[in-house]
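The values are calculated or read from the model by the stated rules, or taken from the named source; none is laboratory data. Keep in mind that this is a model prediction, so the values were computed, not measured. Using ideal geometry, Cβ is built from the backbone for each residue, glycine included, and neighbour counts are taken over all protein chains shown.
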Amino acid sequence: MSDPDDVQPIASNRRARRDYEVLDTFEAGISLLGPEVKSLRAGRANMADAYAIVRGGEVFLRNLHIAPYEEAGKANPEPTRERKLLLHRQEIRKLNTKVAERGLTIVPLGLHFRGGRAKVEIALARGKRSYDKRQQIRKREQDREVARVTRRGRR
């Protein structure tokens, strides 16, 4: 049996941290079918265009692409079907109120196995403007330059 704290990464949404300012994160279970779990264990997931919505007191993940598992044959579900996220009621309520009142969105950051169960890390996020992205790139380049200069100084 695997350790419940043992995390095995499957996929990450690198674009999410670039395009959104992450305000709060949650770890949610995800409702999957058998062939989807097999495909995830093979690392065949794409989160590029995925997002979550709150509907009827439940949270659903849309556009998460899980490639069909070849050995499943006809039992394979639609690759980008809507999947239910498993969260506590108070977490769902918090997400719903924040999304409704402030115009925030829910984006998935990563997909992993914890204790043998598939989990998705979702974030309450605000979209970045293009000038915010440019500022972030400028700051990263300045930090690299400072690190480069300090490395040279130590030699």
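Consider segment 45-94 and keep the residues that are part of a strand (DSSP E or B) and of a type in the set (Val, Ile, Thr). The one that is nearest to Leu33 (Cα to Cα) is Ile66. In the set Ala42, Ala52, Ala16, Ala67, only one residue is under 13 Å from Ala123 (Cα atoms) and modelled with pLDDT under 90; that residue is Ala16. The set of residues in segment 95-118 that are surrounded by 15 or more Cβ atoms within 10 Å (Cβ to Cβ) and either charged (D, E, K, R) or not in a strand (DSSP E or B) (or both) comprises Leu95, Asn96, Lys98, Val99, Leu104, Arg114. Using the structure shown, decide if Glu36 is touching a residue at least 24 places away in the same chain (Cβ under 8 Å), assigned to a helix (DSSP H, G or I) and surrounded by fewer than 19 Cβ atoms within 10 Å (Cβ to Cβ). Answer is no for this residue.
Which of the residues that make up segment 14-33 are of a type in the set (Asp, Glu) and part of a helix (DSSP H, G or I)?
Asp19, the sole residue that qualifies.
Of the conditions (1) more than 24 Å from Val7 (Cβ to Cβ); (2) out of contact with any helix residue (DSSP H, G or I) (no Cβ under 8 Å at 6 or more places or on another chain), Lys119 clears all except one; give me its number. Exception for Lys119: condition (1). The number of residues in segment 119-130 being at pLDDT below 90 and surrounded by 17 or more Cβ atoms within 10 Å (Cβ to Cβ) comes to 1. Beta carbons closer than 7 Å, at least 6 apart along the sequence or on distinct chains, pair a first residue in segment 91-106 that is charged (D, E, K, R) with a second that is modelled with pLDDT under 90 and crowded, with 17+ Cβ neighbours inside 10 Å for Lys98/Leu104.
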